[in-house]
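Novice: One structure, pasted below without further comment.
Values quoted throughout were computed directly from the atomic coordinates according to the rules given, and no laboratory measurement underlies them. Keep in mind that this is a model prediction, so the values were computed, not measured. Cβ placement follows ideal geometry from the backbone for every residue including glycine, while neighbour counts extend to all protein chains displayed.
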Amino acid sequence: MRDAILEKTRMLPPITLEEMSGIKLMNRTDTKFVATLEQLNAFLFAVQGEYYIQQHNNKRVASYHTTYFDTADFIMYTMHHNGKKRREKIRIRTYLDSDDTFLEVKNKNNHGRTKKKRISVKDVDSIRNEYELVAPFLEKYAWYRPEEISPVIENFFSRITLVNKGKSERLTIDFDLRFHNLITDLRDKLNRVVIIELKRDGNVPSPALDIIRTLRIRKSGFSKYCIGSALTHNGLKRNNFKERLRLINKLENN
């Protein structure tokens, strides 16, 4: 199935990172969907003629490594689990194909809008080793200081990025998700589950949305940090994630 998916990516016209940087979604709305590899294969066939695919260094599937940070009592995880609309995530993400690494702070407000701030850092240990750079950044944009947080889980995944011909929406498609909990040392992976995130300018018509509905792909919230943590740390609360975990298990095993 992965070979079929890669073949479909070669059928889409490319768009460069430089061209992507000019796409500004000023009134952005984000919607996530959970699919299978088989549905992704059908989806990539159906979007032919409607979308460009991001290409960088002749690659159309990018590789990512992300490390998430939290407090000793997992405040950031707990706030998300408890349904707090205003919440924060802090992570260090490496784009493995280019070896670029960024410290990122993601804040979600009461209206569901997400703002992301980031700075370039050397590696995952920069929270400690680049204190003079990191501390002022976190003080300005985050709720926590470097000494209040530590790495708790890392993940690896592959990503396909699409842009519609009107350049009014962007799709990220994540698959081959692997988790390693740095507290429990437990590991898990999702072999068949695909996360599609649609980011569009307001409520403009979306060819992708029509295709998603036709393929009966399920709309569902999915935080890689929270789901990965729930799968690999038995000591965390997970009641409010049970429905999503059941859906993931169903897609993985059907």
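Novice: What is the distance, in nm, between label points placed 7 Å from the Cα along the Cα-to-Cβ direction at E104 and at K242?
Specialist: Here the modelled spin labels are 3.2 nm apart.
Novice: Taking the highest mean first, how do the peptides 238-244, 67-73 order by number of other beta carbon atoms within 10 angstrom per residue?
Specialist: 67-73, 238-244
Novice: If you don't mind, there's one more thing I want to ask. Per residue and in cubic angstrom, what volume does the convex hull of the Cα atoms of region 106-180 have?
Specialist: Values: hull volume 11.1 nm³, N = 75.
Dividing the Cα hull volume of region 106-180 by its residues yields 149 Å³.
Novice: Continuing with the same structure: Using 0.36 nm per residue of separation minus the Cα-Cα distance, give me the extension gain between R216 and D185 in nm, one decimal. Kindly include the intermediate steps, with their values, before the conclusion.
Specialist: Values: separation 31, 0.36 × 31 = 11.16 nm, distance 3.58 nm.
Extra length from R216 to D185 when fully extended: 7.6 nm.
Novice: Looking at the calculated P(r) for region 125-248, what percent of the C-alpha pair distances fall above 21 Å?
Specialist: So the portion of pairs separated by more than 21 Å is 57 percent.
Novice: May I ask for the distance between the Cα centers of region 62-105 and region 106-131, given as a whole number of Å?
Specialist: If you average the Cα positions of each part, the centres end up 7 Å apart.
Novice: Relative contact order of the chain, please, whole-number percent, based on alpha carbon pairs below 8 angstrom and at least 6 residues apart. The partial results should precede the final answer.
Specialist: On the way: 469 pairs, mean separation 63.1, N = 254.
The normalised contact order for the chain reaches 25 percent.
Novice: Next question. Which of the peptides 90-100, 6-16, 226-236 is most tightly packed, and how do the rest follow, judged by the mean count of other Cβ atoms within 10 Å per residue?
Specialist: Taking the mean over residues of other Cβ atoms within 10 Å, the ranking is 226-236, 90-100, 6-16.
Novice: Find how much the distance from K165 to D97 grows on full extension, using 0.36 nm per residue of separation minus their present alpha carbon separation; answer in nm with one decimal.
Specialist: Difference between extended and current length: 21.9 nm.
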